[in-house]
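See structure below.
The values are calculated or read from the model by the stated rules, or taken from the named source; none is laboratory data. Since the model is a prediction, treat every value here as computed from it, not as a measurement. Please note: Cβ atoms are built from the backbone with ideal geometry, for glycine as well, and neighbour counts cover all protein chains shown. Side chains included, ligands, DNA and RNA excluded: accessible areas come from the protein's heavy atoms. Shrake-Rupley method; radii C 1.70, N 1.55, O 1.52, S 1.80 Å.
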Amino acid sequence: AQAAFPSRPITMIVPFPPGGIADITARPTAPAMEKILKQPVTITNRPGAAGAVGNAAVANAKPDGYTVGMVLSSISVIPAADELFNRKPAYSLDQLTPIALISADPTILVAHPSLPVKSVKELVALAKAKPGELSFSSSGIYGALHMPMEMFMYAAGRLKMRHVPTTGGGPAIIALLGGHVTLTAGGPAAIIGHVKAGKMRPLANWGAGRHQEYPDVPTFKELGYKDVEYYIWAGLIAPKGTPEPVLKVLRETVRKVVEDAEFKSAMAKLNTPIQYMDAPDFRKYWEADAKRLAALVKVVGKAEDKK
């Protein structure tokens with residue numbers, strides 16, 4: 001007879017280094033799952049290629065429920081970028097299946113305090129006056145923090161700024177804090193401590209409305225950029241082919257996790273709003289977002305060839 005799932009530890013792959021949105025969402029999720037499943041849930045950071053390495057590790061894992069991934073919205077961009085460059089894809093979206101959406105937050109445009117701008121208008125004027133001199137960090141080429149910057153630069157008249165890709169959201173923040181770049185698009189939770197400490201200056205928010213933690217920061221929409229809207233979502237996924245009874249256990253577990261008082265408290269401390277969706281709704285949300293991001297990749301074009 002088959003052992004009841006789970007009968008051994010589960011590995012949660014995070015395709016980025018510590019410190020970014022995927023990692024800080026995984027940290028409270030794993031122990032909350034452990035309490036319910038009565039088995040260890042071990043986080044394994046597998047950074048590289050803007051998340052492609054870790055995403056591919058989930059896609060190619062044995063579909064038995066013992067490997068899951070805490071992934072970001074950028075998971076949809078990488079296959080579209082591979083197609084653009086006629087590269088062999090690291091993975092395809094049809095190799096993956098959703099378990100649950102956990103959070104979704106807009107990115108925030110932040111500048112190093114040494115940059116002499118206090119608004120997007122001033123930033124655009126400076127970038128146009130000094131093409132290619134301003135720089136921004138990201139979590140990797142075509143990654144979750146690269147795409148919103150390209151979206152903004154395109155909408156602002158195809159601004160030319162130097163892109164400095166790193167291995168994840170945490171390293172992208174470190175690059176800005178160290179003054180190695182002048183700008184970045186940060187996840188609200190990942191940057192809030194640095195903003196409060198005056199180590200970075202927020203200029204705009206990619207959301208549809210103002211962010212509760214950044215009430216004084218205008219949205220790009222308010223500033224006249226109607227098509228500049230972008231969210232980093234974090235969700236739990238499994239390899240395609242994972243048995244339905246196993247997926248049911250994982251889905252039910254996450255449903256209980258988001259209601260857990262300790263989990264809610266941990267997410268509140270991280271300033272990350274819970275945006276839970278079970279697999280059917282998450283699938284629709286993911287598919288719509290993937291279409292929008294694939295279209296954006298085509299609009300941006302071979303961005304790295306243009307700089």
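Hey, does segment 148-168 have a residue that's free of Cβ contacts under 8 Å to residues at least 60 places away in the same chain, assigned to a helix (DSSP H, G or I) and farther than 25 Å from residue 214 by Cα?
No, segment 148-168 has no match at all.
Among the listed residues 114, 92, which satisfies the condition of being polar (S, T, N, Q), more than 19 Å from residue 296 (Cβ to Cβ) and surrounded by fewer than 16 Cβ atoms within 10 Å (Cβ to Cβ)?
114
So which residues in segment 67-89 are buried (at least 19 other Cβ atoms within 10 Å of the Cβ) and not in a strand (DSSP E or B)?
73, 74, 75, 76, 77, 78, 79, 80, 81
Is there any pair with a first residue in segment 189-205 that is closer than 12 Å to residue 109 by Cα and a second that is of a type in the set (D, E, K, R) and at pLDDT 95 or above whose Cβ atoms are under 8 Å apart and which are 6 or more apart or on different chains, and what are they?
If the second residue must be of a type in the set (D, E, K, R) and at pLDDT 95 or above, the pairs left are 195/201; 201/118; 203/118.
When segment 129-181 is examined, which residues are found to be closer than 21 Å to residue 81 by Cβ and of a type in the set (Lys, Arg)?
158, 160, 162
Looking at (1) modelled with pLDDT of 95 or more; (2) crowded, with 24+ Cβ neighbours inside 10 Å; (3) in a loop (DSSP other than H, G, I, E, B), find the lone condition where residue 176 falls short.
With respect to (1) modelled with pLDDT of 95 or more; (2) crowded, with 24+ Cβ neighbours inside 10 Å; (3) in a loop (DSSP other than H, G, I, E, B), residue 176 is out only on (3).
Within segment 7-27, restricting attention to residues that are open to solvent by 20 Å² or more (accessible area, probe 1.4 Å) and at pLDDT 95 or above, which residue is farthest from residue 78 (Cα to Cα)?
If we take residues in segment 7-27 being open to solvent by 20 Å² or more (accessible area, probe 1.4 Å) and at pLDDT 95 or above, then 7 is farthest from residue 78 (Cα to Cα).
List the residue pairs whose Cβ atoms are under 8 Å apart, where the first residue sits in segment 110-121 and is touching a residue at least 60 places away in the same chain (Cβ under 8 Å) and in a loop (DSSP other than H, G, I, E, B), the second is small (Gly, Ala, Ser) and buried (at least 19 other Cβ atoms within 10 Å of the Cβ), and the two are 6 or more positions apart or on different chains.
117/111
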